[in-house]
Each structure stands twice: as C-alpha cells, then as structure tokens.
Amino acid sequence: MQEDVNSRKGVERIIRHAFEYARQKGPKRVCMSDKSNAMAFAHDLWQRVFKEVRQEYADIESRHQYIDTLAMEIVRDPRQFDVIVTCNLFGDIISDLGAQLAGGLGLAPSGNIHPGRTSLFEPVHGSAPNIAGKGIANPLGSVLTSAMMLEFLGWIPEAEKIASATREALREDFVTPDLGGQRKTVEVGTGWPSGSSNSTTSLSSSKALDCVDRISLCGTIYFFVRMIAVMKSPVKNPPTCAHQATPPVVAAPKELIPAMNCNRNQ
C-alpha cells in the first residue's frame, strides 16, 4: 500500500505561488486540477484551499478542471491555459504531455521551486544512457533550463539572450535529429558547426552562447541557484557528480557541478 500526503501548508503554498506567478509574470489565467470526484479526502483539500485563495486574487481569472478533462483540453486547445497548478503526480504527467505537444521532451525545461529559497533546475527528460556518446541528444532542454534558472535569479537580460538563441536555432533548423535536423549535440549546444572556427557561423550573441555552452549539453543537470558565479568562468576539475557537492548554504559556495556519470541519474 502506498500513501499520498497532502498537507494544508503544502497545498496552500503551491496554489498561492501559482497565483503570484500569474500576477508577476503576465499570464492572467490559473487552472487548478485535481481528481476530487474520485479522491474525496486528499483532493477535497485542494478544492477548499483553491476556493479560499482565489478570492485574494480577483485580478486573475481562475477555474478548476478534473485531471482527465484537463489532459483532453490540453490536447484540444493548449492556448486556453497560462498557469496550471496540480499535485506532483498529475503535474509529472501533464508536463510530459505539454512538452510533447511543443516538440518533445528534448525542449522542455523544469524547475523545482522553493518559494523564496534555494531551488533546483533540471531538464524534464532526465538522463538517456541508451544514446550516450552518440551525439544525438537534444541539448535545448538543458539550455532552456539554464534560462529558467537565470530568470528565477533575476538575471532577465541573460535569460532572454539564451531563449533568443534557442528560438533562432529552431528557426534556422540548427537542431538534433529528434527535431528533424542533422546537427550533433555539441554543435547545437554551442551554436558552432563541427570543426568550424569562423565567428560568422555562430547563431546568435556570442555572450549568450558562451553562457550556454558552459552549462552542459545533455543528461540531467542540477543547478544550485547560488552557484551562479560559474556562469562567468568555466568549471575546472569538477567532482564527478553534483550529488557530492556541498549544498549552497555559505556565502562563497563551490562552483556549479554537472551531474555526469552518476548512478542516481539512471
């Protein structure tokens, strides 16, 4: 038997964060999704908290949908949604569905947000040991994750440069085979054709792409948000795994460490 724990504190925190995100970032529609018609105890809590919190955000359009209806509506017309808030299990499913509609898991960034505190950022897809070393992994999920992290930290111009470089790569078909392109992982991640040293071949701002190629190009990448200093200089002699890093609780934390060759990622 397995249990799903839903606390008043946790449910209210994530619902309130969804409304705050909608208010701060521009989208003005929030949809809360649960399965309270089948999970009468655990998800009735979501219903009650949502009804209470939404009253404090009269400027935000809000509604509720059961998770099965939401999945159907995302496929039918994803344009009707701005911010969706739901439990971890349903969110895990819906995020993959949304990613596939947008072009696949290779394009999907994600963040594990602890409001007001240290948060964790990683591409949705996780590791892919079956294609390791083949040069066909799509790095854009990792690249866009780095942009999400920078936005979270308040580095808006830098985040926009990375997002702009990604959009240009897609427009120019400078992509890996999963998106119909012919480029290798490192080529897409750095913006340079293989073997080229001509600056005219770069896709976009050299500063943006320099920022991108120092972050990591494939596999699961863990970002400790206070380790941002690494964006200014390459990592030198990093440990083999991010799980061995000291958590960023001091003023001068260790450099950002890619989670490579780690059993916990498999």
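The values are calculated or read from the model by the stated rules, or taken from the named source; none is laboratory data. Small disclaimer: the values here were computed from a predicted structure and weren't measured. Heads up, the Cβs are rebuilt from the backbone with ideal geometry, glycines too, and the neighbour counts pull from every protein chain shown.
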Item to complete: Using the structure shown, decide if ASP68 is over 14 Å from the mean Cα position of the chain (by Cα) and in a helix (DSSP H, G or I).
Response: yes
Worksheet item: Looking at LYS134, is it modelled with pLDDT of 80 or more and in a loop (DSSP other than H, G, I, E, B)?
Response: yes
Response to the item:
CYS87: passes all of (1) over 16 Å from the mean Cα position of the chain (by Cα); (2) surrounded by fewer than 16 Cβ atoms within 10 Å (Cβ to Cβ) but (2)
Worksheet entry | Test result for VAL49, under 24 Å from the mean Cα position of the chain (by Cα) and of a type in the set (Val, Ile, Thr) | no
Worksheet item: Do we find a residue being without any contact (Cβ under 8 Å) to a residue 24 or more places away in the chain, among the acidic types (Asp, Glu), closer than 22 Å to ALA99 by Cα and not in a helix (DSSP H, G or I) anywhere in segment 119-126?
Response: no
Worksheet item: Given (1) crowded, with 20+ Cβ neighbours inside 10 Å; (2) farther than 30 Å from ASP34 by Cβ; (3) in contact (Cβ under 8 Å) with a residue 24 or more places away in the chain, where does LYS184 come up short, assuming only one miss?
Response: (1)
Practice prompt. Sort out which residues of segment 97-120 are over 23 Å from ILE74 (Cβ atoms) and touching a helix residue (DSSP H, G or I) at 6+ places or on another chain (Cβ under 6 Å), and write them in order of number.
Written response: PRO115
Discussion item. Condition (residue is assigned to a helix (DSSP H, G or I), hydrophobic (A, V, I, L, M, F, W, C) and closer than 18 Å to GLY111 by Cβ) applied to segment 20-35: is it met by at least one residue?
Written reply: yes
